[in-house]
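Novice: Handing you a structure now.
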Amino acid sequence: MLPEKPSNLDLQFIEEQLGRKPRGVLEVSARCKSGHPSVIKTKPLLDKEIFPTLYYLVCGKLIKKVFKLESEGLIDKLEQKINNDKKFKALFLKAQEDYIKKRNKIAVNQMKELCRAGSPNTPLPKTGIGGVGKLDKIKCLHAHLAHYLATGNNPVGEIVRARLDSFPGNCP
């Protein structure tokens, strides 16, 4: 699926899933099999502050399933894999860098618009997926899954996606 502008129905679905109005939605980056938005891309600069999550998981079913994987200790297992598998770590760090470049490119364009409007610059973050400071760490699996579903470029998200097949339900 190519990224697309969200329709009014998409925005209504996202609001129902999140329990609040979504902020700064740029596009629907991925959809579930039923056609509903599962991942959105959001503006990285919200209220003149950098928001660390560029790709945001919005499907309630997926969110619950990923929470279950986190509660089972999958973050620790994947961090061990990052520490012990050089090839996997290289792919993971490449995904982090890709994410940072994409987020910061959009943020720079937003800041240019703010500067023209007289607002001060905001420093670009050096944080990675989910706002982590150490790029070889994982803060949450939701952000990695969202990044993978949107771009196909995240080895942690790919593993999470594969693990979701063991759960019942229509999504993903």
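Derivation of every value follows stated rules applied to the coordinates shown; laboratory data play no part. Just so you know, these numbers come straight off a predicted model, no measurement behind them. Cβ coordinates were reconstructed from backbone atoms using ideal geometry, including for glycine residues, and neighbour counts include every protein chain displayed.
Novice: Among (1) buried (at least 20 other Cβ atoms within 10 Å of the Cβ); (2) of a type outside the set (Lys, Arg); (3) touching a residue at least 40 places away in the same chain (Cβ under 8 Å), which single condition is residue 75 missing?
Specialist: (1)
Novice: Checking the conditions here, which among 37, 22, 52, 3 is under 27 Å from residue 134 (Cβ atoms), in contact with a helix residue (DSSP H, G or I) (Cβ under 8 Å, 6 or more places away or on another chain) and not aromatic (Phe, Trp, Tyr)?
Specialist: 52
Novice: Filter the range 28-58 for residues that are under 16 Å from residue 109 (Cα atoms) and out of contact with any Gly (no Cβ under 6 Å at 6 or more places or on another chain) and give the result.
Specialist: Of everything in the range 28-58, those that are under 16 Å from residue 109 (Cα atoms) and out of contact with any Gly (no Cβ under 6 Å at 6 or more places or on another chain) turn out to be 41, 44, 45, 47, 48, 49, 50, 51, 54.
Novice: For the range 37-52, enumerate the residues that are within 17 Å of residue 15 (Cα to Cα), touching a residue at least 60 places away in the same chain (Cβ under 8 Å) and either in a loop (DSSP other than H, G, I, E, B) or of a type in the set (Ser, Thr, Tyr) (or both).
Specialist: 38, 43
Novice: Filtering the range 44-72 down to residues that are β-branched (Val, Ile, Thr) and farther than 30 Å from residue 115 by Cβ, which residue is surrounded by the most Cβ atoms within 10 Å (Cβ to Cβ)? Walk me through it before giving the result.
Specialist: Looking only at the range 44-72, we keep the residues that are β-branched (Val, Ile, Thr), and these are 50, 53, 58, 63, 66.
Still in the list and also farther than 30 Å from residue 115 by Cβ: 58, 63, 66.
Details: 58: 27, 63: 18, 66: 25.
Among them, the one singled out is 58.
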